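Novice: Let me begin by handing over the structure; questions about it come next.
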Amino acid sequence: MQNKWSDAEASEYVSRYAGQGVNEDLALRVYTSRLLGREPDLVLHGGGNTSVKTEAPDIMGEPTQVLCVKGSGWDMGDIEPAGLPAVRLEPLRKLIALDALSDEDMVNAQRTNLLDAAAPNPSVETLLHAFLPHKFVDHTHSNAMLALSDQPNGDEICRELFGDRVAYVPYKMPGFALAKSGRECFDAAIAGGQNEVEGMVLLKHGLFSFGSTAKEAYDRMIDLVTLAEERIESLRTKTITQVIKPPAMASVADVAPILRGLVAEPVSAENGVFKRMVLEFRADERILTYVNGSEVNRYSQQGTATPDHVIRIK
């Protein structure tokens with residue numbers, strides 16, 4: 001995974017947003033969020049989330065400690081400061097004392113503490129960002145990391161690879177339970193002698209990295225993902241067995257009208273009116289290897305690499 005941080009670009013973001021009244025913390029948060037969001041091997045459109053703990057004035061102009069965290073509906077690849085709504089930090093942190101919190105009450109608590117009531121809903125993983133002590137927190141759904149953690153012995157594989165660099169969190173649905181479990185696992189790692197925990201592996205879900213600066217958190221994410229990619233490459237020996245194709249294949253021009261007919265939606269069946277679909281044909285080497293695999297019926301039905309991907313992958 002290529003590290004795309006540029007000091008010049010970072011400075012340009014700080015200068016540009018300063019003219020809009022955006023502080024340096026948030027400007028750099030926007031910058032590295034975009035770097036992560038433009039890597040499809042890290043997040044798909046709308047996936048992942050990032051945050052920064054900083055200071056912002058309330059309605060009375062009083063300095064307030066806030067968590068600026070990715071809001072629902074924003075894509076990290078082109079996020080703006082408005083896509084990182086400011087939530088009062090201290091009330092969120094107090095929620096960790098609860099034994100349980102419903103999704104409805106969690107959303108209410110988050111919206112109640114927004115500095116701007118018109119801001120988008122903070123991410124479903126806002127509380128995990130708030131409970132962690134670090135200034136900058138990044139979260140992605142790295143394909144490489146998921147390829148390792150989704151294995152039956154994924155916990156063992158990840159622990160052998162990342163060692164004491166990260167904490168390990170068992171799978172839980174995003175929300176309060178995951179946030180509390182994540183902080184408990186982080187604390188346990190520190191108590192167990194892991195002096196410098198750079199991130200967290202959320203098994204069968206994704207990867208967190210954090211740091212005192214935007215660059216440190218971003219660098220750690222790229223380093224951890226690169227480790228996973230290198231491990232996968234070193235183990236890559238199996239190829240997908242291909243089916244034996246017939247000597248004569250129907251052309252795309254012959255097949256496309258049949259497919260369009262099959263997926264057409266009836267608007268008025270008795271009158272023969274249908275909603276027709278426009279098809280896009282893609283056939284690069286990777287796609288053909290996948291669809292022509294002898295076991296495509298099995299592996300195409302195994303589901304997504306992480307629950308977050310179900311938004312974009314059918």
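Novice: Those residues that are assigned to a strand (DSSP E or B) and small (Gly, Ala, Ser), I need them from region 66-91; list them, please.
Specialist: To start, the set of residues in region 66-91 that are assigned to a strand (DSSP E or B) comprises 66-69, 71, 86-88.
Gly71, Ala86, listed by residue number.
Novice: Let me ask something else. Any chance region 218-231 includes a residue that's outside the structural domain of Val166 (by TED's automatic domain parsing), at pLDDT 90 or above and either surrounded by 12 or more Cβ atoms within 10 Å (Cβ to Cβ) or in contact with a helix residue (DSSP H, G or I) (Cβ under 6 Å, 6 or more places away or on another chain) (or both)? Give the derivation first.
Specialist: Narrowing region 218-231 to residues outside the structural domain of Val166 (by TED's automatic domain parsing): none.
No; the residues of region 218-231 include none that is outside the structural domain of Val166 (by TED's automatic domain parsing), at pLDDT 90 or above and either surrounded by 12 or more Cβ atoms within 10 Å (Cβ to Cβ) or in contact with a helix residue (DSSP H, G or I) (Cβ under 6 Å, 6 or more places away or on another chain) (or both).
Rundown of residues vs (1) over 20 Å from Glu156 (Cβ atoms); (2) within 20 Å of the chain's Cα centre (by Cα); (3) of a type in the set (S, T, N, Q), yes/no style:
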residue: Gly211; (1), (2), (3): yes, yes, no
residue: Ala214; (1), (2), (3): yes, yes, no
residue: Ser234; (1), (2), (3): no, no, yes
residue: Ile244; (1), (2), (3): yes, no, no
residue: Leu262; (1), (2), (3): yes, no, no
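Novice: Scanning region 57-78 for residues that are surrounded by fewer than 20 Cβ atoms within 10 Å (Cβ to Cβ) and among the hydrophobic types (A, V, I, L, M, F, W, C), which turns out nearest to Asn113 (Cα to Cα)? Give the steps one after another, and end with the answer.
Specialist: Here is the first cut: in region 57-78, the residues surrounded by fewer than 20 Cβ atoms within 10 Å (Cβ to Cβ) are 57-65, 72-73, 75, 77-78.
From the residues that got through so far, the ones that are among the hydrophobic types (A, V, I, L, M, F, W, C) too are 59-60.
On the way: Ile59: 13, Met60: 15 Å.
Restricting to residues being surrounded by fewer than 20 Cβ atoms within 10 Å (Cβ to Cβ) and among the hydrophobic types (A, V, I, L, M, F, W, C), the top hit is Ile59.
Matching residues to (1) out of contact with any Lys or Arg (no Cβ under 8 Å at 6 or more places or on another chain); (2) among the hydroxyl-bearing types (Ser, Thr, Tyr); (3) more than 30 Å from Ser234 (Cβ to Cβ):
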{"residue": "Leu128", "(1), (2), (3)": "no, no, yes"}
{"residue": "Phe136", "(1), (2), (3)": "no, no, yes"}
{"residue": "Met145", "(1), (2), (3)": "yes, no, no"}
{"residue": "Asp150", "(1), (2), (3)": "no, no, no"}
{"residue": "Gly163", "(1), (2), (3)": "yes, no, no"}
{"residue": "Phe176", "(1), (2), (3)": "yes, no, yes"}
{"residue": "Ser181", "(1), (2), (3)": "no, yes, yes"}
{"residue": "Cys185", "(1), (2), (3)": "yes, no, no"}
{"residue": "Gly192", "(1), (2), (3)": "yes, no, no"}
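Novice: When you scan region 1-16, how many residues do you find that are without any contact (Cβ under 8 Å) to a residue 24 or more places away in the chain and part of a loop (DSSP other than H, G, I, E, B)?
Specialist: Residues meeting the conditions: 1.
The values are calculated or read from the model by the stated rules, or taken from the named source; none is laboratory data. Fair warning: this is a prediction, and the values are worked out from it, not measured in the lab. Backbone-built Cβ (ideal geometry, glycine too); neighbour counts: all protein chains shown.
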